[in-house]
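Beneath this line is the structure, given in structure tokens, with notes to follow.
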Amino acid sequence: MASSGKVFTKVGPCGGLGGAPKDMDLNGISRIVKITVRHGDAIDAVIVRFVRNGREESTEQWGGQGGIPTEAVHPMDRLKAGFQQFKTEVYDKKPELFGPLKEGQWPKYMMFTCCDSRVSPSVTLSLQPGEAFAVRNIANIVPPFNKTKYTGEGCAIEYAVHHLHVENIVVIGHSKCGGIKALMTYKYDGSSSTEFIEDWMKIGFAAREKVKAEHGSKPLDEQCTICEKEAVKVSLENLKTYPFVKEALEKGKLKLFGGHYDFVNGAFETLE
């Protein structure tokens, strides 16, 4: 993999599984030869082979177990390295999985999950490509049926039910959700401090009101945890306002489920 121009923009601190020393010399680097992603359960760093002053070197030569922190690599080189590892270790080794996907997709699940970078469903639920048709938005909210608002979500639901014929729609909330905390703390007194967030989160207002009425004496963090789950239930009810969802439910062709992923304690809970 070759790259030109300035690649190293920031050198992060050493520690953990190793990394580049803070005082390593980045001058004279002219070309990236190869980038390898090093990871265990999650990506830790990137090992880079490069040409400096006409001589090929590697970040492994700088001590530790090799590798430099990912923030020290050009953003797109990091992604290209990740793809190359995926292609070599997954795509090329599983033609029985990826071959049929060239012809189409037949997912059994449609999933609504949050945009939060800590809750990627393909990772946390070990989903394979082609297994789930996914929508990610702030706080994993499903708005009620409306042909003039929230059409992105409506379009995705219609496509999943009418064209993909998914058998299950699952809405999954998660711990420490910033959107839910916003829902629980915004004043909603007619004023607004955001362009989009308050209006979007107001879709889950019924969950907020239930939590405040039944658990108002509890600390905010506990209220937010409860609301994360109540908001999922609101979204499940909102799904039933879509005519094609209602029809599929009545015909027994579709089921709705809720879930909550707690990344603080490493737990997953199903919600009725």
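Among the numbered conditions (1) surrounded by 20 or more Cβ atoms within 10 Å (Cβ to Cβ); (2) of a type in the set (S, T, N, Q); (3) touching a Pro at 6+ places or on another chain (Cβ under 9 Å), tell me where Ser122 comes up short.
Status for Ser122: all satisfied but (1).
Can you run down the residue pairs with Cβ atoms below 6 Å, 6 or more apart or on separate chains, where the first is in the range 91-118 and without any contact (Cβ under 8 Å) to a residue 24 or more places away in the chain and the partner is part of a strand (DSSP E or B) and surrounded by 14 or more Cβ atoms within 10 Å (Cβ to Cβ)?
Correct list of pairs: Cys115/Arg136.
Taking the stated definitions as given, is Lys149 more than 23 Å from Ala231 (Cα to Cα) and basic (Lys, Arg)?
Spelling it out, it is not the case that Lys149 is more than 23 Å from Ala231 (Cα to Cα) and basic (Lys, Arg).
Whether any residue in the range 133-143 is touching a Lys or Arg at 6+ places or on another chain (Cβ under 9 Å), surrounded by 18 or more Cβ atoms within 10 Å (Cβ to Cβ) and among the aliphatic types (A, V, I, L, M) is what I want to check.
No - not one qualifying residue is present in the range 133-143.
Show me the helices (runs of 4 or more DSSP H) found entirely inside the range 167-272 where at least 2 residues are under 12 Å from Ala139 (Cα atoms). Spell out how you get there, then give the answer.
On the way: elements: 178-185, 197-201, 205-215, 220-239, 243-250.
Hits in the range 167-272: 178-185, 197-201, 220-239.
Could you give me the residue pairs with C-beta distances under 8 Å whose first residue belongs to the range 148-164 and is more than 11 Å from Val135 (Cβ to Cβ), whose second residue is modelled with pLDDT of 95 or more and surrounded by fewer than 16 Cβ atoms within 10 Å (Cβ to Cβ) wherever it lies, and which are 6+ apart or on separate chains?
Glu158/Phe244; Val161/Phe244; His162/Phe244; Leu164/Gln105; Leu164/Trp106
Of all residues in the range 216-229, count the ones that are surrounded by fewer than 21 Cβ atoms within 10 Å (Cβ to Cβ) and not hydroxyl-bearing (Ser, Thr, Tyr).
Number satisfying all stated conditions: 8.
Report every pair of residues separated by at least 6 positions or lying on different chains whose Cβ atoms are under 6 Å apart, first residue within the range 246-263 and over 17 Å from Pro144 (Cα atoms) and surrounded by 14 or more Cβ atoms within 10 Å (Cβ to Cβ), second of a type in the set (Asp, Glu) and at pLDDT 95 or above.
His260/Glu269
The values are calculated or read from the model by the stated rules, or taken from the named source; none is laboratory data. Bear in mind that the values here come from a model prediction, so they are computed numbers and not experimental data. Counting neighbours? That spans all protein chains shown, and the Cβs are built from the backbone with ideal geometry, glycine included.
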